There are 2 protein chains.
Amino acid sequence: MNVRTLCLSILFEGEATGYEIRRKCVEGECAYFIEASFGSIYPALNKLEQEGLVTSRTQQQSGKPAKKVYSITDAGRAAFADELAAPLGEDVFRSPFLLFARYAHILPRELVETRAAEQLDKLVQDRKKLDNVAAEHGSKAGDTWVLNYGRAIMELAERHMRAHMHELITMARAEPNKDAAE
Amino acid sequence: MNVRTLCLSILFEGEATGYEIRRKCVEGECAYFIEASFGSIYPALNKLEQEGLVTSRTQQQSGKPAKKVYSITDAGRAAFADELAAPLGEDVFRSPFLLFARYAHILPRELVETRAAEQLDKLVQDRKKLDNVAAEHGSKAGDTWVLNYGRAIMELAERHMRAHMHELITMARAEPNKDAAE
DNA sequence: ACCAGCATATATCGAACTGATATAGGCTCG
DNA sequence: CGAGCCTATATCAGTTCGATATATGCTGGT
C-alpha cells in the first residue's frame, strides 16, 4: 500500500491539497494506520497528475499561500478500485521502545523509568486522538469500524503498559549497571 | 531505530551471521516489532565492520555455503549503549488491511469476506508464532516482557477481528456495488 | 533415478520513503 | 516588534525494501 494509493483513497472522498492529505494522515481518519511525509506525497501527486488519474487547479487565498487543489478523475477512481481488488500488503509494526525494553536489565533505572513514562504518555495521547477523531467526524461506517479497531487496541496497549511498566523498571533496578562506571 | 542498531543489538547477545540476524527478525525474539531485509542488513554489517564496531570471520561448513560470522567489539558495545541512551523514535503501525476496510461499502461482498478471513488468519498465525517463541526460548526477563506485550495485543486483535469482521462483510453486502457492472 | 523446489548463505540494485531543509507570506502572543 | 508558529509547496540525501542473482546441498515426489 504505497503513498500513491493513499492519495487516491483520500481524493476518492473529495478534493484535497497535498498539505491536507498529509494532515489527514497525521490527525485525521487515517492517523492510526497510515503515515506519509511531504517528501512522498508531493511527488506522488505530480505523478498521478501526469498519468491523468487526478487533476489540479491553483486556488488563491487571502492571508495564506496559494494552494493546489487536486481532484480524482474517472481513470483515478478505476485505478483505486483496481488497487483495492489487488492482494493486500502485510501490516507493519515497528517499535523502538520494545527494542529498548529488551535491554532494560543493562540500563540505568532512571532512563528506563523515563522512557516507560514517555511511552505510556504517547499511548495515552494516541488513544485520545482516536477518541477525538471518532467524536468529531460523523464518519461513515467503514471509518467507524477502523476507528473502533484502533481504539480497542490502543486501550489495551495503554492498560497493559500501565499494569506492567513497573516490572521493566524493576529489571533495571535489580542488577547494578554500567552507569556506575561512567 | 535503524538496521545498524538492530544488528548491534543482536550481536550484543552473541555472534551471528547476516542470515541469522534476518531470521531472528522474522521468526525470533524480535519478530513482533522489528523487520529488516537482506538489502539493509548486509550493507549495515559491512559498514559496522569498517567502523570497527564488529569483526567477522569466515567459517567453512560441510554441506552448506561458507558463512561470515560477526562478533561485536568493545567499541560496538559502547556504540550500542549510546544508541539505547538516545531518544527513541516513534512506534510505527501501518495497515493496508485497515485502508481496505474503510472502503468495504464500495467493494464486492466476496472480496471483503476473503480479505477479512485472510487478515484473521494472519493474526492467528502471528499470535501462534509469538506463543512458540515464548515457549521455545528460555528468554531473559526483558524478552519475556516484550513477548507478553506482543501476545496481549495480538490476542485482542484476533478477538476483536473475530467478533467484528461480520460487520465489515455486512457493509459490503448492504449496498449493491460496482461488481455488477463488470 | 532424477529433477523440482526448498533451505542456507551472501550480495547488489532500483524504487520508494523518511526526515531535514528551503522558501515564503501572514498571524499571534508576550 | 520580533520570535515562533501555521499554511503551503518543493527538493534532496540517506535509509530501507523488495526483487533478483549466484552457488550449493538436501528432500520429496513421480
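The values are calculated or read from the model by the stated rules, or taken from the named source; none is laboratory data. Everything numeric here is computed off the predicted structure, so don't read it as measured data. Positions of Cβ are generated from backbone atoms using ideal geometry, with glycine treated the same way; all protein chains shown enter the neighbour counts.
Tabulated data
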| quantity | calculated |
| --- | --- |
| When residues of the range B:4-19 are limited to those that are in a helix (DSSP H, G or I) and away from chain A (no Cβ under 11 Å), the one farthest from DNA strand D (Cβ to nearest atom) | B:11 |
| Residue match in the range B:61-73 (condition: under 26 Å from the mean Cα position of the chain (by Cα), within 23 Å of residue A:30 (Cβ to Cβ) and within 12 Å of DNA strand C (Cβ to nearest atom)) | no |
| Inter-residue pairs, beta-carbon under 9 Å, first more than 18 Å from residue A:91 (Cα to Cα) and in the range B:101-118, second basic (Lys, Arg) and part of a helix (DSSP H, G or I), 6+ apart | B:106/B:178; B:107/B:115; B:107/B:178; B:108/B:178; B:109/B:173 |
| Search result, residues across the range A:34-52 that are loosely packed, with under 11 Cβ neighbours inside 10 Å and more than 6 Å from DNA strand C (Cβ to nearest atom) | A:50 |
| Failed criterion for residue B:22 (all others in (1) part of a helix (DSSP H, G or I); (2) in contact (Cβ under 8 Å) with a residue 24 or more places away in the chain; (3) within 14 Å of DNA strand C (Cβ to nearest atom); (4) surrounded by 17 or more Cβ atoms within 10 Å (Cβ to Cβ) hold) | (2) |
| Filter pass, residue B:141 being at the interface with chain A (Cβ under 7 Å from one of its Cβ atoms) and either small (Gly, Ala, Ser) or in contact (Cβ under 8 Å) with a residue 60 or more places away in the chain (or both) | yes |
| Any hit, the range B:53-74, residues being of a type in the set (A, V, I, L, M, F, W, C), surrounded by fewer than 18 Cβ atoms within 10 Å (Cβ to Cβ) and in a helix (DSSP H, G or I) | no |
| Failed item, numbered, when residue A:163 is tested on (1) farther than 25 Å from residue B:88 by Cβ; (2) exposed (fewer than 13 other Cβ atoms within 10 Å of the Cβ); (3) at pLDDT 95 or above | (1) |
| Those residues of the range B:74-92 which are in contact (Cβ under 8 Å) with a residue 60 or more places away in the chain, within 19 Å of residue A:118 (Cα to Cα) and more than 15 Å from DNA strand C (Cβ to nearest atom), in sequence order | B:83 |
| Test: residue in the range A:83-90 that is in contact with a helix residue (DSSP H, G or I) (Cβ under 7 Å, 6 or more places away or on another chain), modelled with pLDDT of 90 or more and of a type in the set (Gly, Ala, Ser) | yes |
| Close pairs from the range B:29-46: first polar (S, T, N, Q), partner within 11 Å of DNA strand C (Cβ to nearest atom), Cβ under 8 Å, at least 6 apart | B:37/B:22 |
| Matching residues in the range B:72-112 - criterion: being more than 15 Å from DNA strand D (Cβ to nearest atom) and charged (D, E, K, R) | B:74, B:77, B:82, B:102, B:109, B:110 |
| Test result for residue B:116, within 11 Å of another protein chain (Cβ to nearest Cβ), among the small types (Gly, Ala, Ser), surrounded by 13 or more Cβ atoms within 10 Å (Cβ to Cβ) and farther than 20 Å from residue B:22 by Cα | yes |
| Flag if residue A:35 is within 15 Å of DNA strand D (Cβ to nearest atom), under 25 Å from the mean Cα position of the chain (by Cα), within 29 Å of residue B:124 (Cα to Cα) and outside the structural domain of residue A:13 (by TED's automatic domain parsing) | no |
| Residue that is at pLDDT below 90 and within 27 Å of residue B:92 (Cα to Cα), where the choices are A:16, A:31, A:44, A:36 | A:31 |
